[in-house]
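J.: One structure follows; several queries about it will come next.
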Amino acid sequence: MSAANWRTALRGAVKFCQDRGVTGRRVIAWGLPAVCVAGIIVGLRAASAQGGHPGRVPAAASIAEINAAALSCPALTPARLAGQIMVNSRFDAGARNADGGEGIAGLTPAVWTRWAPWPDANRGDQAANTTALAHAMCDLVGNLRLAGVGGDPWRTALAAYNTSFDTVRATGTIPDSARSYVDEVADYAEWYASLPGLNGSAPSPSVLAVAASAPPSAAGSAEPSSAPPSAGPSSRGAASPAGPPVSLSAAPVTGAPPTTLPPAGPTSEAPRKPTEKLSVNRPSTASSVLEAGLEPQWAFDTDYTDTRWASRLADNQWIAVDLGSARTVTSVILRWQDGYAKRYVIQASPDNSTWTNIYADANGNGGSDHIAVPVTSARYVRLWCITRGVAELTFSLYDFEVLGY
C-alpha cells in the first residue's frame, strides 16, 4: 500500500474514533486496538477502493468554477485545485483558519488583495476566490521555475503557498514545515481525480447547465494607436525591415478598458504543449513614448536590464505586440522598471480591434510578474496600464514577454 493510502487509513481511524467520542483519555482507558481497529479497517477499505483521501464532493457550480480556474496553467488540474480547496476550507464559504485565511479558497487578505482576478471583485464571490487561488499557485509555479527550484512544480508551489516563496527558494525543496500540507493536498487530489467532472472526463449534465448559464465574457475595446507598428529590433538602434519605429508623438487614448470584468477563458481544456516565447522581436505599438530610445520594441528584445519602453507621464497608457498569426497564449511575463502599473489589464485580440480581458491586477507592485492566463487564442496581446504605481514616474517596462505555442 502507498504512503498516501496509509495516511488515509490512519485518518480514517482517527475520524472513526472521534465520531464515537473516543479521544484523549478514553483512547488510553479503553485501548486503541479494542476501539479503533474497526476504524483502521474502514480507512484501509476507503483508501484501497477510492485512492487518496476522500473529501467532500463539491456542488455542481463549484465544479464548473474549479474546471475554469484550473486552466490557468499546465501545473494545475481540477483535481489538484479541488484538493487544495478541501484542505484550505473543506468547501465551506464561511471558513476561517488559523493563518487568517477565509472563504472557500482559504485566502488570506494579502493573497486576496494581490490576486483578486479583476478590479472590484467581491470578497465573497466563490468563483473569484477560486480563480485567485489558481492565479496565486500558477505565479508560484512560474517564479519557482525562474528561480531554478527543481522537483515537482505543483508540490513545490504548494510548499511555497503554505510557507513562503523565499523559504522554498532558499531550501531548493519542500521544507519539513510544509510537508504535511503538501501531502494532505496531494492525498485529496488523488481522490478527486476519480470523480467525474474533476478528472478530465465530461462533467455531469448539471455541471454543464451551470457553465452554460454563466454570464458570457465581455470584450474590452479601445481604439489602437494610429502610429505605425514598430519593428522588432535585432540589436539596439537597428530595426528590422518589418516597419518603421513608432511615432514619438503621444497618440491619443480614445477608449478605456473595462475594469470590472473577469478574465475570459476557453470553454474546454486545450492541449498541453511545450511553450515558447512568441513575442520576441515582433512588431509592436504603444499609446505613447516618453522620448527617443524608449520605443515599444525595446520591451520585446529580451534585454531585461537595459533597454525598455516608457510612456508619457499619464495614466491609461498601453503597449501591444503582434504575434504574426493566431497563437495559443498561456502566460505573460512583465519585468517592470521603477515606473510600474498599480492597476492594469492584459488583453487579447484576433484582429487588433476587438479586445478581451484575460488578466487583471488591481494591486500591482512592480518587479517581475510571471502571470498564467487562461489558455487563449490570439494574434495581438496588449498590456493596458491604468494607474501608475508611482505618481512621479511614467509606465516603464524592461520586458513584455508572451509565451505559448
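J.: Mind jotting down the three principal axis lengths of region 78-170 based on Cα atoms? Whole angstrom, largest first.
T.: That works out to 36, 27, 25 Å along the principal axes.
J.: Could you give me the ³J(HN,Hα) list for region 315-325, computed from phi with Karplus coefficients 6.51, -1.76, 1.60 and θ = phi - 60°, whole Hz, x at Gly and Pro?
T.: Rounded to whole hertz, the list is 6, 6, 10, 9, 9, 9, 10, 9, 7, x, 6.
J.: Oh, and also: In region 62-175, if the dipole is taken from +1 on Lys/Arg beta carbons and -1 on Asp/Glu beta carbons about the Cα centre, which of GLY100, ALA157, ALA121 is farthest to the positive end?
T.: Of the candidates, ALA157 comes out farthest on the positive side.
J.: Would you calculate the separation in nanometres between label points at ASP351 and ALA95, each defined as 7 Å from the Cα along the Cα-to-beta-carbon direction?
T.: 4.5
J.: Here is a further query. Starting from the Cα gyration tensor of region 318-368, take the square roots of the eigenvalues, sort them a ≥ b ≥ c, and report rounded, prolate or oblate (rounded when a/c is under 1.5, otherwise prolate if a/b is larger than b/c, else oblate).
T.: prolate
J.: How long is region 299-405 along each principal axis, judged by its Cα atoms, biggest number first, in Å?
T.: Taking max minus min along each principal axis of the Cα atoms, region 299-405 gives 37, 26, 21 Å.
Readers should treat all values here as calculations from the given coordinates under stated rules, not as data from a laboratory. All figures in this text were calculated on a predicted structure; none of them were measured in a lab. Neighbour counts run over all protein chains shown; Cβ positions are idealised from the backbone, glycine included.
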